[in-house]
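The values are calculated or read from the model by the stated rules, or taken from the named source; none is laboratory data. Remember, it's a predicted structure, so these values are computed and weren't measured experimentally. No Cβ is skipped: glycine too gets one built from the backbone with ideal geometry, and neighbour counts run over all protein chains shown. To get the accessible areas, we keep the full protein, side chains included, count just its heavy atoms, and leave off ligands, DNA and RNA. Shrake-Rupley method; radii C 1.70, N 1.55, O 1.52, S 1.80 Å.
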Amino acid sequence: MYTANCFSERPLDVFRISLVLLLLALPVLGQGSFAARLNLESAVEKALSKNPQIDLTASNVRAAEAKMREAKTGKKPVVDFSQSFTRSNNPVFVFGSLLEQGRFSASNFAIDSLNNPGAISNFRAAINVQVPLFDQHQTRSRVDQAEIAIRQAELRADAVRQKIRYEVIRAFYGSILGKEMLAVNKQAVGSAEANRKKTKDMVDVGMTTDADFLAADVELARAMQQSLEAESAFFITMASLNLLLTEEPEVERDLVGDLSEKYFPIDDQKSLIRIALENRPEYLIAQLQSQISQSRTRAVRDMKLPRVDAFGNFGHSSPYIANGSTDYTVGVGLKYTLFDAGRKARVEQAAEAETAAEAEKRILANQITFEVVQAFQKYKTAKEKIQVSIKSITHADEAVRIVQDRYKFGLTTFTEVIRSETALVRAKHDLLAARYDYYVSYASVLHATGRLTDVSFFD
């Protein structure tokens, strides 16, 4: 039979004790560098100010506004300037150029001069103006679509902002959860160490067997393993928060907040679905897309109307760049397409696009409804789990006290002590996880209903 001293001298024991000391020293080592204090509201503001998705959506809004300004120019005049140089002995060209240049004379009527003229040069400068008087309502259609596109771009920007807020809430409270889980696990390590020492002392005086010491040793190893896993989970979650803030993953932060008891009131499920269909940016975008499809259908049908444009030009012709003669032309033109074989197909395509937009809107409504139901049920479950977990901790704490007292007097086994302490640690984990789920599920309800525009309610 091994003595207790043999156990304390084993290399495995030395390794485990060293590992415990390392775990306890980690928080102290982390205090050597300055950790910036950060609350939830500041984290959200920082993410919104630095996240590249925000820059992308802002650029899309500006592009939509520029397209709107372009659409409004549809009824503005178009002015072109042209300058050309031509040299030829073509009889028609020579005759017309002489007239344009104001140099035609009686001698130019000679038969030989008309049939076999010498080559001449002509510099022609012209300013051409075209003004649409009636453009088949195409400008109005483009302006309507551009206005809707701006609203869609703004809604997409709002959807991105709400998504970022939700992700920051998850990472922020996930980091707090990891920190508090780590504290619970370190307490469990301390308790396991105390049990190991206690059983060692009892083995030394012959009050228990080596089996209890071995069980305590195994329990300490398990507690240390859980503490290491909690440490890793905490750093991973903190890294995700730092990345949302567009900073290096390993930046240390002092998070201002906790998973304390709170109550977040919400509406019933039916009301939440109605609110979601009124507020979700994605659904509003789909509604606007349906309006764009309707506008495009009207634009295609309006193409059968006549088009009326006013035009004018002012020209200057000369054998040299300077001097010469000027002329002008003004008029109004009407264009009406009598037959367009592809018009019917274009109308059908526009109508089908309108039908598809309506179908996509219904599909999105079902998806949003499901997301609201899912978020609402998770909220209810998390809220109820908190009450169950609080009661479990009370019972588990009392059970630990009773079992430890019974073990002192040899009325139960050390295995029961370990089981009761494990149940207490699990109950504490469950309460922390339930509170985290409650916070996040409430944020999820707001996100699913399109109302995650503020985070002050978490304070």
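When the residues of the range 293-327 are filtered to those that are among the hydroxyl-bearing types (Ser, Thr, Tyr) and in contact with a strand residue (DSSP E or B) (Cβ under 8 Å, 6 or more places away or on another chain), which remaining residue is farthest from ASN128 (Cα to Cα)?
Across the range 293-327, the extreme among qualifying residues is TYR320.
Which one of ARG151, ARG142, ARG103 is part of a loop (DSSP other than H, G, I, E, B) and either modelled with pLDDT of 95 or more or surrounded by 14 or more Cβ atoms within 10 Å (Cβ to Cβ) (or both)? Walk me through how you get there before you give the answer.
Details: ARG151 fails: part of a loop (DSSP other than H, G, I, E, B); ARG142 fails: part of a loop (DSSP other than H, G, I, E, B).
Among ARG151, ARG142, ARG103, only ARG103 is part of a loop (DSSP other than H, G, I, E, B) and either modelled with pLDDT of 95 or more or surrounded by 14 or more Cβ atoms within 10 Å (Cβ to Cβ) (or both).
Can you spot a residue in the range 68-77 that is open to solvent by 90 Å² or more (accessible area, probe 1.4 Å), part of a helix (DSSP H, G or I) and among the polar types (S, T, N, Q)?
Checking the range 68-77: not a single residue is open to solvent by 90 Å² or more (accessible area, probe 1.4 Å), part of a helix (DSSP H, G or I) and among the polar types (S, T, N, Q).
Which of the following residues is loosely packed, with under 15 Cβ neighbours inside 10 Å, at pLDDT 90 or above and either within 29 Å of the chain's Cα centre (by Cα) or not in a helix (DSSP H, G or I) (or both): ILE127, ILE164?
ILE127
Which one is most open to solvent (accessible area, probe 1.4 Å) among residues in the range 400-441 that are of a type in the set (Phe, Trp, Tyr) and in contact with a helix residue (DSSP H, G or I) (Cβ under 9 Å, 6 or more places away or on another chain)?
The residue in question is TYR436.
Quick one: which of ALA211, ALA230 is crowded, with 16+ Cβ neighbours inside 10 Å and of a type in the set (Gly, Ala, Ser)?
ALA230
Are any of the residues in the range 389-399 on the phi < 0 side of the Ramachandran plot, buried (at least 16 other Cβ atoms within 10 Å of the Cβ) and not aliphatic (A, V, I, L, M)?
yes
Pairs only if they're at least six apart or on different chains, beta carbon under 8 angstrom, first in the range 56-70 and under 12 Å from ALA149 (Cβ atoms) and among the β-branched types (Val, Ile, Thr), second open to solvent by less than 70 Å² (accessible area, probe 1.4 Å) and at pLDDT 95 or above; list them, first residue then second.
VAL61/ILE150; VAL61/ALA153; VAL61/ALA157
Confirm whether ARG346 is open to solvent by 50 Å² or more (accessible area, probe 1.4 Å), in a helix (DSSP H, G or I) and free of Cβ contacts under 8 Å to residues at least 24 places away in the same chain.
no
Take the range 234-263 and flag every residue that is surrounded by fewer than 17 Cβ atoms within 10 Å (Cβ to Cβ), under 26 Å from ILE386 (Cα atoms), out of contact with any strand residue (DSSP E or B) (no Cβ under 7 Å at 6 or more places or on another chain) and not hydroxyl-bearing (Ser, Thr, Tyr).
Within the range 234-263, PHE235, ILE236, ASP258, GLU261, LYS262 meet the criteria.
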